[in-house]
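Inspection log for the structure reproduced underneath, given as structure tokens.
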Number of protein chains: 2
Amino acid sequence: MPKAPSPSSRSDSTASLLRQEIVSGEAAPGNLLAEAAVAQRLGVSRVPVREALFTLEREGLVEFSATGRAFVKDLTTSDFEELYVLRLNLEPLAARLAAPHFKKDLSSLEENVAATQRAKSVHEVTRLDLEFHELILHMSGNTRLLKLWRSLRGELELWLGRLHRQHQLQTRETQAQTVEAHRGIIEGFKTQTPAACERLLREHILGWREWLPIVS
Amino acid sequence: MPKAPSPSSRSDSTASLLRQEIVSGEAAPGNLLAEAAVAQRLGVSRVPVREALFTLEREGLVEFSATGRAFVKDLTTSDFEELYVLRLNLEPLAARLAAPHFKKDLSSLEENVAATQRAKSVHEVTRLDLEFHELILHMSGNTRLLKLWRSLRGELELWLGRLHRQHQLQTRETQAQTVEAHRGIIEGFKTQTPAACERLLREHILGWREWLPIVS
DNA sequence: GGAGATAAAACGGTATACCGTTTTACGAGA
DNA sequence: TCTCGTAAAACGGTATACCGTTTTATCTCC
């Protein structure tokens with residue numbers, strides 16, 4: 001299970017707020033995130049804002065100019081290509097590593113699928129979709145692999161968010177597609193064959209790309 | 001080529017200093033890195049130290065406790081296993097992606113090997129060895145892949161450093177082994193076949209592990 | 001002598017202030 | 001009108017100070 005998002009410190013809550021604004025599109029790509037301005041707007045000092053911006057940079061949602069100014073990242077198609085290649089290699093690896101652990105712990109995946117079916121918006125489906133994949137990374141047992149994947153997650157979320165806003169994806173279809181695919185994966189995982197688990201995820205991601213609206 | 005390490009800001013130079021102390025073993029695993037103490041010792045304020053510690057955490061050299069205190073990371077064997085699995089998957093991928101670019105740019109790899117041959121210490125050989133691999137990641141053209149690898153590099157360096165200090169590796173042997181292996185890789189790269197380049201690197205890393213002194 | 005309470009010291013989180021650099025906006029001259 | 005220069009405003013880097021929490025060390029009681 002992913003960590004509980006409990007923004008205890010002001011740095012964390014600032015990061016959460018900005019993350020939300022960026023992923024939701026409220027903050028447009030290329031926008032300057034000036035420390036003082038953000039600080040004043042959120043009612044905190046510059047220090048937590050500064051740290052939040054560093055965090056968001058690590059997540060790929062923010063980009064620093066050579067002179068240290070933070071901007072909302074503007075993803076291009078080639079950025080997406082990079083992300084895609086990495087997913088295509090990291091996730092199957094995770095599935096292979098996780099295979100031996102697929103004895104009892106499939107329950108968390110099943111719960112996720114159930115939640116996905118209950119979801120009421122495209123946004124929610126997307127979030128649960130990503131969580132499904134993150135669960136697999138988590139089950140791989142390789143904490144660094146999980147961290148690497150997480151460092152890509154923000155950008156992925158950003159890209160998907162923009163895609164959805166552009167193409168007005170239908171909730172029903174996206175949801176049905178996701179649930180069906182994930183169920184198939186869980187079924188396949190029951191064999192616990194590392195090679196099979198790996199192949200399964202690889203093909204899921206290949207198929208996912210086909211399903212996506214025009215990526216260009 | 002890797003970025004020029006020009007510590008312009010105090011955050012950067014502080015990070016460099018601490019990095020050096022940690023990798024060299026001067027700062028023992030588990031040591032507390034208190035902001036105020038480090039700041040006073042290095043003659044800067046706590047702010048740059050704070051940022052340096054965050055940077056080093058991202059590099060895997062420092063670990064934060066639940067209450068926000070920074071400690072020099074203490075790597076275990078299973079940490080090394082995680083790193084190894086990731087190298088074994090990321091680097092061959094990079095080689096495959098880089099294959100099409102292996103027309104002229106092999107010169108940077110060749111220069112690296114030449115420098116390795118001129119090296120005069122195990123430490124220097126190790127540094128150039130890692131640089132060789134980083135060059136391949138760089139040539140893959142996938143900036144995120146390079147970033148992921150770099151986020152593992154610090155821990156790798158840390159591990160290798162401790163290994164060398166424990167086993168007093170002979171410079172000559174390590175050097176000869178490294179140079180020979182890297183030359184073979186460059187030779188193989190000339191075919192520019194993605195699959196071959198990928199296999200080459202995979203086998204190099206498998207062999208590298210055999211070569212390492214007792215990892216346990 | 002050992003476990004627990006307690007007070008002092010250490011430490012991190014954050015606000016504020018200052019300074020040098022970068023950006024930006026405006027105005028003069030071609 | 002466009003370009004270039006210049007000054008003001010914006011901005012980030014860093015130092016310092018304050019506060020609440022966590023650690024640590026000491027003292028007490030069993």
(message) Can you list the copy-to-copy distances for B:R199, using a point 7 angstrom from Cα toward Cβ, in nanometres, shortest first?
(response) 2.0
(message) Over chain B, with a Gaussian network built from C-alpha contacts below 10 Å, which listed residue (B:Q175, B:Q166, B:Q192) shows the highest mean-square fluctuation?
(response) B:Q166
(request) One decimal, nm, shortest first: give the distances between the label point of B:E210 and those of the same position in the other copies, each label point 7 Å from Cα along Cα→Cβ. (result) 4.1
(request) Would you mind pulling out the separation of the Cα centroids of region B:156-211 and region A:53-101, in Å? (result) 28
(message) Using only the alpha-carbon atoms, how far is helix B:77-98 inclined from the longest principal axis of chain B? Give it as 0 to 90 degrees, nearest 10.
(response) 50
(message) For chain A, take the longest principal axis of its alpha carbons; what is the angle in degrees between that and the long axis of helix A:46-58, to the nearest 10 within 0 to 90?
(response) 30
(request) Starting from the amide H of A:V62, placed 1.01 Å from N in the peptide plane, find each other amide H under 5 Å away whose residue is 5 or more places distant or on another chain. (result) A:E57, A:K73
(request) Give the Debye-formula value of log10 I(q)/I(0) at each listed q (0.09, 0.11, 0.13, 0.15 Å⁻¹), with one equal scatterer per alpha carbon of chain B, two decimals each. (result) -0.39, -0.57, -0.79, -1.02
(request) Could you work out the local net charge near B:W211, counting Lys and Arg as +1, Asp and Glu as -1, over the other residues with Cβ closer than 13 Å to its Cβ? (result) -4
(message) To confirm my reading of the symmetry, which residue of chain A has the Cβ nearest the axis that brings A onto B, and what whole-Å distance does it have?
(response) A:L148, 2
(message) Using 20 Å bins from zero, what percent of all Cα-Cα pairs in the protein assembly as shown falls into each bin?
(response) 23, 56, 21, 0
(message) Defining a contact as two alpha carbons under 8 Å apart and six or more residues distant in sequence, what relative contact order in percent does chain A show?
(response) 26
(request) Sort region B:10-72 into rounded, prolate or oblate with this rule: let a ≥ b ≥ c be the square roots of the eigenvalues of the Cα gyration tensor; rounded if a/c is under 1.5, and if a/c is not under 1.5, prolate when a/b is larger than b/c, oblate otherwise. (result) rounded
(request) Provide the buried accessible surface between chains B and A in square angstrom, both chains summed, 1.4 Å probe, rounded to the nearest 100. (result) 2000
(message) Using a 7 Å offset from Cα along the direction of the beta-carbon, what are the separations from A:A28 to the same position in each other copy, nm, ascending?
(response) 5.8
(request) Give me the angle, in degrees from 0 to 90, between the Cα long axis of helix A:194-211 and the longest principal axis of the Cα atoms of chain A, rounded to the nearest 10. (result) 60
(request) Let me have the 222 nm mean residue ellipticity of the protein assembly as shown computed from DSSP H runs of 4+ only, each contributing -39500 (n - 2.57), with the sum over all residues rounded to the nearest 500. (result) -23000 deg cm²/dmol
(message) Using a 7 Å offset from Cα along Cα-Cβ at B:S108, what residues in region B:139-166 end up with backbone N under 19 Å from the label point?
(response) B:139-154
(message) Under the rule that an exposed site lies in a DSSP loop and has at most 15 other Cβ atoms within 10 Å, name the longest stretch of chain A with no trypsin sites (Lys or Arg not before Pro) of that kind, not counting the sites themselves.
(response) A:121-189
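The values are calculated or read from the model by the stated rules, or taken from the named source; none is laboratory data. Everything numeric here is computed off the predicted structure, so don't read it as measured data. Note that each Cβ is placed from the backbone with ideal geometry, even for glycine, and that neighbours are counted across all protein chains shown. Ligands, DNA and RNA are stripped out before the accessible areas are found, and what is left, the full protein with its side chains, is counted by its heavy atoms. Shrake-Rupley method; radii C 1.70, N 1.55, O 1.52, S 1.80 Å.
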